[in-house]
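This report concerns only the one structure given below.
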Amino acid sequence: MLFKKKVNNMAQILLIEDNDLLRDTIKKLLENKGYKIMVASDGEEGLKMFRSDPAEVVITDIIMPNKDGVETIFELYKYFPAVSVIAISGGGKAPAEDYLNSIKLLPNVKYIFKKPFANYDLLMAIKDLIPKN
C-alpha cells in the first residue's frame, strides 16, 4: 500500500493519545510546524482512521483504553509494515521504560519517548521520518 506523500504540501501524522490535554498540545505543536494531524483517543479509533486515510507517521501512546499502543503497533506492522511509528508512554503499573523497551525492537517503531518529553525531540524525530520532496 502506498501512503499519501503530502496533502497540500503538508505531511500527514496520526496521533493516538487518550489524554485530552496532551493530545491537544501535541496536535497544536505539530500543526504550527505545518503538519496535517489526525487524532484518535485509542488504538481502535486510530486504526480505523489509518485504514481510511493513511498517514506517513503514527505517534501512539502505549497505555490506552479499548486497544492499547502495543496491540496497535503490532496491527499496524502486520498490515502496514512500511509505516513509521513513534511510541510514547508515561508508564502505568510498570515504569514507562518497561513498556517502551518491550516494543522498541519492532521494525516499524523508529523512536520511543518517555513522557514528559521535549517538544524539540519529537519534532526532530518527525523531521527524520517524513520523506523529503
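Does the range 100-113 include one or more residues that are in a strand (DSSP E or B), among the charged types (D, E, K, R) and farther than 16 Å from LEU22 by Cβ? Within the range 100-113, one or more residues are in a strand (DSSP E or B), among the charged types (D, E, K, R) and farther than 16 Å from LEU22 by Cβ. For ILE13, the conditions (1) under 19 Å from PHE113 (Cβ atoms); (2) free of Cβ contacts under 8 Å to residues at least 60 places away in the same chain all hold with the exception of (2).
The numbers here are math on the coordinates, done by the rules we state, and not lab data. Given the structure is predicted, the values throughout are model-derived calculations rather than measurements. Here Cβ is always computed from backbone atoms with ideal geometry, including for glycine, and neighbour counts include all displayed protein chains.
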